[in-house]
Amino acid sequence: MSGFLDGKAVVITGGGGGIGRACALACAAEGASVVVADIGVGLAGEDPRSEVAEGVVKEIEAGGGRAVAVADSVVTMAGGERIVGSCVEAFGRIDGVVAVAGILRERMLFNMSEDEWDAVVATHLKGHFTVFRHAAAVMREQKSGALVGFTSGAFAGSVAQANYAAAKGGIVSLVRSAAAGLYRYGVTANAIAPVARTRMSANVPMELAEMGDPEDVAPMVVYLLSDRARHVTGQVYTVVGPKIAVWNQPVEVRSMYADQRWTPEQIAARLDSSVGQEPMGLIGRLEEYRRAAASGDKPNA
Ligand SMILES: NC(=O)c1ccc[n+]([C@@H]2O[C@H](COP(=O)([O-])OP(=O)(O)OC[C@H]3O[C@@H](n4cnc5c(N)ncnc54)[C@H](O)[C@@H]3O)[C@@H](O)[C@H]2O)c1
């Protein structure tokens, strides 16, 4: 035990399984007291079972660590408040929130139901807001803290995951906004875009080029929660196996100006040769997806 997080108290939502469980165990092993918040649902958010959070707490305690289980959903403000409140109640403070809870309901946009949209956006995007909101109020007073969100490479666009991709894009903007708004209070906010072998990635309808385990993601989370990362904020990091990569910050890349207000005709005449288009990373893969769909194979991502 190296004690990277000695004396800290952290919340891990979705800490009962997959990447969240690995993060909870790693934080405890590094000396943090941990709230494991998980309602133990199936991949699509169905059939809640509270035991998964308790199971991880038992694992932490068996290793000599301190943890409490909270079987509350992140989708309501009251749930987020209870999750954050139980950390302050059990451990007297809250130094970090890691929002890992998530579900999947994949469907092509033209077939997606309102319920499939709402459930995924509520769990991921609102599920970050509910815990970040309540934790930020305490961290602002403490003048310290770290928020870690979980996004996905899918935020750049995904074929049959408009709900998931939109929520994950929203999480990036939420994290950057939290980083901007909490900077003056010494509170950081960053996001991880992981790739790891879990029940969720087993469901991805393509061959992923890079793969790792949940335990590969946890050290970066520990680092971001630690005092060694107080200067790191507003960032999105991919973590997969032995690789850590940082995403670029969204900025305008080229511009063009008219003498007066543009007409559609002037735009049509100038756009291709002036600002042009930014290549969409996904576009290069769409032909591969089409070929795979026709042959019934899994496409390479
Ligand atoms: N596994 C990957 O390769 C991968 C890739 C990109 C992004 N992600 C993201 O990483 C995070 C973790 O993914 P995972 O693969 O470990 O998934 P997982 O399905 O193994 O674990 C998700 C956990 O969240 C819990 N959960 C779901 N809804 C909840 C709610 N309303 N309240 C509390 N807990 C809830 C589940 O019970 C489960 O334990 C997710 O946000 C996911 O979108 C994962």
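The values are calculated or read from the model by the stated rules, or taken from the named source; none is laboratory data. Model, not experiment: these values are computed from the prediction. Because the Cβ atoms are built from the backbone with ideal geometry, glycine has one as well, and the counts that use them run over all protein chains shown. Accessible surface areas use protein heavy atoms only, side chains included; no ligands, DNA or RNA. Shrake-Rupley method; radii C 1.70, N 1.55, O 1.52, S 1.80 Å.
Summary table below
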| read-out | value |
| --- | --- |
| Candidates 126, 168 - the one that is of a type in the set (Lys, Arg), farther than 28 Å from residue 285 by Cα and part of a helix (DSSP H, G or I) | 126 |
| Residue count for the range 61-90, restricted to those that are hydrophobic (A, V, I, L, M, F, W, C) and open to solvent by less than 30 Å² (accessible area, probe 1.4 Å) | 6 |
| Filter pass, residue 29 being without any contact (Cβ under 8 Å) to a residue 40 or more places away in the chain and away from the ligand (no atom under 14 Å from the Cβ) | yes |
| Scan of the range 212-261 for residues that are of a type in the set (Phe, Trp, Tyr), in contact with a strand residue (DSSP E or B) (Cβ under 8 Å, 6 or more places away or on another chain) and either in a loop (DSSP other than H, G, I, E, B) or surrounded by fewer than 19 Cβ atoms within 10 Å (Cβ to Cβ) (or both), ordered by number | 247 |
| Test: residue in the range 197-211 that is touching a residue at least 12 places away in the same chain (Cβ under 8 Å) and open to solvent by less than 10 Å² (accessible area, probe 1.4 Å) | no |
| The range 59-78 - residue that is part of a helix (DSSP H, G or I) and closer than 17 Å to residue 19 by Cα and, of those, farthest from the ligand (Cβ to nearest atom) | 60 |
| Filter pass, residue 145 being within 22 Å of residue 183 (Cα to Cα) and more than 16 Å from the ligand (Cβ to nearest atom) | yes |
| Inter-residue pairs, beta-carbon under 6 Å, first under 17 Å from residue 185 (Cβ atoms) and in the range 139-158, second outside any loop (DSSP other than H, G, I, E, B) and within 12 Å of the ligand (Cβ to nearest atom), 6+ apart | 148/98; 148/221 |
| Test: residue 90 is assigned by TED's automatic domain parsing to the domain that holds residue 200, assigned to a strand (DSSP E or B), over 22 Å from residue 164 (Cα atoms) and more than 20 Å from the chain's Cα centre (by Cα) | no |
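Yes/no matrix, rows are residues, columns are (1) of a type in the set (Gly, Ala, Ser); (2) assigned by TED's automatic domain parsing to the domain that holds residue 203; (3) at pLDDT below 95; (4) more than 19 Å from residue 215 (Cβ to Cβ):
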{"site": "14", "(1), (2), (3), (4)": "yes, yes, no, no"}
{"site": "18", "(1), (2), (3), (4)": "yes, yes, no, no"}
{"site": "21", "(1), (2), (3), (4)": "no, yes, no, no"}
{"site": "26", "(1), (2), (3), (4)": "yes, yes, no, no"}
{"site": "29", "(1), (2), (3), (4)": "yes, yes, no, no"}
{"site": "34", "(1), (2), (3), (4)": "no, yes, no, no"}
{"site": "37", "(1), (2), (3), (4)": "yes, yes, no, yes"}
{"site": "56", "(1), (2), (3), (4)": "no, yes, no, no"}
{"site": "60", "(1), (2), (3), (4)": "no, yes, no, no"}
